[in-house]
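Written below as structure tokens is the structure these notes are about.
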Amino acid sequence: MKTRKMKLGFAFMAMIFLSGLNAQEKTTQAFWIHEDVVKPGMVAEYESVCKELTANMKKYGLKDMNSIVAQTLDNHYLWVGPIENMAQIDRPIFKNLAEKMGAEKMGALFDRMDKCYDIEQNYVLNLDPELSYTPSGLTQTPEGQPYRKFHYFHYTPGNRAKVMAKAKEIKEMFESNNSKMEYRLYKSGFGVRGEYLMVAVAAKDAGDYAAKVAKNNEAMGESWVKLYNTFMATLEDYQIVEGIMRPDMAYVPSN
């Protein structure tokens, strides 16, 4: 009974999410995030298992999986893949892989992986091109820039309109100043507690990121400082997460 109620509750929430997704589909791209919080002493084992799994997906040409991977400094591993609707989440992604490599062998891999973490999360973020600033082209993986700073701007539903208006003003200021600091903006979605905007900035490394920020602040001057402060005043909380992309763990199916 408990399982049935949970399934019904999930189905109801999925229906709400789908109607929101359909309303946004012309302007945003949804991404399903699977996040593993890996134990400090199990990082090497976790990466070994994931690379072995990725190698098998490549070997057998798995078509249903498509994911880039980011690792944060505190060893959260984020598997990020595009989705068009919630039905894609329910697909038995690894069914074909189990048939090809053997269910027992694949099960042993996941048994090893399960020992590497006690916490995992699944949620949706929506990439918003209209509020992102990417004059060189919209991509999650700009070449030669594996370093990431993820900025989480948390706000209350009552302040949503103000936050979005300020986000639009910020993009317009970046455009009018021909800023060289590009960013992608994501809106929180299904499975996320509270509401936030997540802004991802790519760079070569931490030093390159710091140089980009300094150059941008200097170019845009006091007007930028003032606008940024008024934006921050609309927020409930703010977090910065540092990370790096892991192309050695990612998987993109071949055509």
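The values are calculated or read from the model by the stated rules, or taken from the named source; none is laboratory data. Just so we're clear, the structure is a prediction, and the values are computed from it rather than from any experiment. Reconstructed Cβ throughout: ideal geometry from the backbone, glycine too, with neighbour counts over all protein chains shown. For accessibility, only protein heavy atoms count, side chains too; no ligands or nucleic acids. Shrake-Rupley method; radii C 1.70, N 1.55, O 1.52, S 1.80 Å.
Do we find a residue being of a type in the set (Val, Ile, Thr), open to solvent by less than 20 Å² (accessible area, probe 1.4 Å), touching a Gly at 6+ places or on another chain (Cβ under 7 Å) and at negative phi anywhere in the stretch 53-72? Checked against the condition, which is being of a type in the set (Val, Ile, Thr), open to solvent by less than 20 Å² (accessible area, probe 1.4 Å), touching a Gly at 6+ places or on another chain (Cβ under 7 Å) and at negative phi, the stretch 53-72 yields at least one hit.
Screening Asn177 on (1) touching a helix residue (DSSP H, G or I) at 6+ places or on another chain (Cβ under 6 Å); (2) of a type outside the set (D, E, K, R); (3) open to solvent by less than 30 Å² (accessible area, probe 1.4 Å); (4) free of Cβ contacts under 8 Å to residues at least 60 places away in the same chain shows it passes everything except condition (3).
Going by the conditions given, is Gly158 modelled with pLDDT under 95, exposed (fewer than 13 other Cβ atoms within 10 Å of the Cβ), small (Gly, Ala, Ser) and part of a helix (DSSP H, G or I)? Judged against the criteria, Gly158 is not a match.
Specify the residue that is modelled with the lowest pLDDT; the eligible residues are those in the stretch 1-55 that are among the hydroxyl-bearing types (Ser, Thr, Tyr) and under 22 Å from Phe190 (Cβ atoms). Steps first, answer last, please.
Here is the first cut: in the stretch 1-55, the ones among the hydroxyl-bearing types (Ser, Thr, Tyr) are 3, 19, 27-28, 46, 48, 54.
Those still in the list that are under 22 Å from Phe190 (Cβ atoms) too: 3, 19, 27-28.
On the way: Thr3: 30, Ser19: 38, Thr27: 80, Thr28: 87.
Once the filter is applied, the top-ranked residue is Thr3.
The condition (being more than 24 Å from Gln239 (Cβ to Cβ) and aromatic (Phe, Trp, Tyr)) is satisfied by just one residue among Tyr117, Tyr60, Tyr77: Tyr60.
Residues that are surrounded by fewer than 17 Cβ atoms within 10 Å (Cβ to Cβ), at pLDDT 90 or above and assigned to a loop (DSSP other than H, G, I, E, B) within the stretch 76-117 comprise Gly102, Lys115, listed in sequence order. Among residues of the stretch 56-75 being small (Gly, Ala, Ser) and touching a strand residue (DSSP E or B) at 6+ places or on another chain (Cβ under 9 Å), the one that is modelled with the highest pLDDT is Ala70.
The residues of the stretch 195-248 that are farther than 17 Å from Ser176 by Cβ, open to solvent by less than 40 Å² (accessible area, probe 1.4 Å) and small (Gly, Ala, Ser), listed by number, are Ala200, Ala202, Ala203, Gly243.
Taken across the stretch 178-200, residues that are at pLDDT 95 or above and more than 22 Å from Pro129 (Cα to Cα) do not occur at all. Selection of the stretch 118-139 for residues being in a loop (DSSP other than H, G, I, E, B), open to solvent by 50 Å² or more (accessible area, probe 1.4 Å) and aliphatic (A, V, I, L, M) yields only Leu138.
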